[in-house]
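J.: I'd like to ask you about the structure that follows.
The values are calculated or read from the model by the stated rules, or taken from the named source; none is laboratory data. Please read these numbers as outputs of a predicted model, since none were measured by experiment. Note: ideal-geometry Cβ built from the backbone for every residue, glycine included; neighbour counts use all protein chains shown. Ligands, DNA and RNA are excluded from the accessible area calculation, which covers all protein heavy atoms including side chains. Shrake-Rupley method; radii C 1.70, N 1.55, O 1.52, S 1.80 Å.
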Amino acid sequence: MQRQILALLASLALASLAGAQDVAIAIHGGAGTIERSELSADEERQIRLTLETALRAGHQRLENGASALDAIEAAIVILEDSPFFNAGRGAVFTHRGANELDASIMDGATRNAGAVAGVSHIRNPILLARRVMDESPHVLLSGEGAEEFALDQGFELIPGRYFHTERRWEQLERARRQTTSSMPVPPAEFRFGTVGAVALDKNGNIAAGTSTGGMTNKRYGRIGDSPLIGAGTYADNDTCAVSSTGHGEYFIRAAVAHDIAAQMRYADRDLVTATRDVVHNRLLKLGGSGGVIAMDRAGNIALEHNTPGMYRGSIDTDGTVTTAIYGDE
Ligand code: ASP
């Protein structure tokens with residue numbers, strides 16, 4: 001009897017320890033040629049404020065006991081609603097002057113995943129990706145079919161003009177002027193701005209999500225890495241959660257997000273070593289530029305980019321809030 005009581009007390013202590021699990025969140029708003037000279041003081045202030053708002057929104061949910069999935073969703077929705085980032089409201093334009101958005105989400109506890117590609121009338125594609133994961137037997141839905149699914153799920157289809165921002169339209173016009181080829185590889189300024197988040201919740205589960213407008217002036221239904229599990233997004237409790245941003249074609253070829261997890265699993269590398277190798281070695285050797293955010297179950301965080309800057313931020317397990325834009329921060 002005494003032994004049973006001791007066992008019960010021990011399990012209660014363990015449960016309360018598990019309940020006391022530290023939480024953490026990290027986000028990005030795209031990597032690229034972000035120089036101090038390109039942002040006005042006011043733009044920089046607003047961007048940092050948006051990053052911090054997104055971080056705090058996700059972190060608050062984690063503190064309240066929400067899942068890592070719910071936290072990254074909350075953070076990404078704020079970034080999607082901001083015109084500063086190439087996702088949701090601030091999505092870039094295609095060659096035809098439309099917006100085709102991609103997003104994906106993955107649960108590290110179950111390795112369930114959901115994604116959408118090429119949707120044009122969804123305010124928050126990350127929410128639709130989550131719905132694909134939770135309410136369909138599929139992983140990736142695209143274009144009109146994805147929007148039909150959205151309607152069936154009670155989502156509102158919004159008019160394309162919601163995504164019209166002057167800054168992105170001017171970018172498209174510049175890109176059109178600068179490129180004569182029908183299949184251009186646009187200069188760096190037209191390629192970046194994707195958003196993403198990774199988080200660790202009180203149950204010790206990690207998750208990752210990514211959302212993007214893709215590449216300015218894209219055509220022929222081009223899809224990048226962001227909606228592809230293993231390239232733009234990956235999460236597995238045994239290794240890490242990863243969200244990528246950068247020149248998508250290279251991230252697909254390097255299977256960036258999965259490669260970081262694979263290095264941890266098969267080569268026994270720690271999070272930071274694996275992330276650095278993929279971003280600064282394997283990806284760079286292919287010619288791919290960009291960055292990733294990654295987190296493991298212990299709440300370790302890696303924010304790595306091989307570009308001059310990356311919009312990024314984190315709240316670590318100690319509750320320390322950090323936001324950064326340039327490479328030297
Ligand atoms: N990776 C995205 C894409 O290629 C772009 C970005 O990260 O900004 O579609």
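J.: Quickly rank 250-257, 167-174, 24-31, 37-44 as a protection proxy: mean count of other C-beta atoms within 10 Å, highest first.
T.: Peptide ranking by packing, descending: 24-31, 250-257, 167-174, 37-44.
J.: Please report, in whole Å, how far the alpha carbons of segment 93-153 spread along each principal axis, starting with the longest.
T.: 40, 22, 16
J.: How high is the relative contact order of the chain, in percent, counting Cα pairs under 8 Å that sit 6 or more residues apart?
T.: Reported relative contact order: 24 percent.
J.: Sum -39500 (n - 2.57) across every DSSP H segment of at least 4 residues in the chain, then divide by the residue count to get the 222 nm mean residue ellipticity, nearest 500.
T.: Computed ellipticity for the chain at 222 nm equals -11000 deg cm²/dmol.
J.: Next question. Remind me, relative contact order of segment 255-329 in percent, using alpha carbon pairs under 8 angstrom and six or more residues apart?
T.: The normalised contact order for segment 255-329 reaches 21 percent.
J.: Going by Cα centres, segment 314-329 and segment 249-298 are how many Å apart?
T.: After rounding, the separation between the Cα centres reads 20 Å.
J.: Rank by packing, highest mean first: peptides 299-311, 113-125, with packing defined as the count of other Cβ atoms within 10 Å averaged across residues.
T.: Final packing ranking: 113-125, 299-311.
J.: Quick one: ranking His59, His164 by accessible area, 1.4 Å probe, largest first, what do you get?
T.: His164, His59
J.: Further question: For Val321, what accessible surface area do you get with a 1.4 Å probe? Give it in Å², rounded to 10.
T.: 50 Å²
J.: On average, how much accessible surface per residue is there in the chain, in Å², for a 1.4 Å probe, leaving out ligands, DNA and RNA?
T.: Here the residues of the chain average 43 Å² of exposed surface.
J.: In Å, what is the Rg of the alpha-carbon atoms in segment 58-124, and how long is Dmax?
T.: Spelled out, the Cα radius of gyration and Dmax of segment 58-124 are 13.7, 44 Å.
J.: Then there's this: What number does the chain give for Rg over Rh if you use C-alpha atoms and the Kirkwood radius?
T.: 1.00
J.: Taking Cα atoms, how many degrees apart are the long axis of helix 256-266 and the longest axis of the chain, rounded to 10 and kept between 0 and 90?
T.: 30 degrees
J.: Roughly speaking, to the nearest percent, how much of the chain's 1.4 Å accessible area is carbon and sulfur?
T.: 49 percent
J.: With only alpha-carbon atoms counted, please give the Rg and Dmax of segment 122-164, in Å.
T.: Cα radius of gyration and Dmax of segment 122-164 are 10.3, 33 Å respectively.
J.: Additional query: Over the Cα atoms of segment 160-292, what radius of gyration and what Dmax do you get, in Å?
T.: Gyration radius and largest Cα-Cα distance of segment 160-292: 16.3, 52 Å.
J.: Right, next: So if each residue of separation counts as 0.36 nm, and I subtract the Cα-Cα distance between Gln178 and His138, what length gain in nm does that give?
T.: Value of the extension gain: 10.5 nm.
J.: While we're on this one: May I have the convex hull volume per residue, in Å³, for the Cα set of segment 53-193?
T.: 125 Å³
J.: Could you work out how far apart the two model spin labels at Thr53 and Glu38 are, taking each label as a point 7 Å from the Cα in the direction of the beta carbon, and quote it in nm?
T.: Placing both labels 7 Å along Cα→Cβ, they lie 2.3 nm apart.
J.: For helix 2-19, what angle does its Cα long axis make with the longest principal axis of the chain, in degrees from 0 to 90 and rounded to 10?
T.: The answer is roughly 20 degrees.
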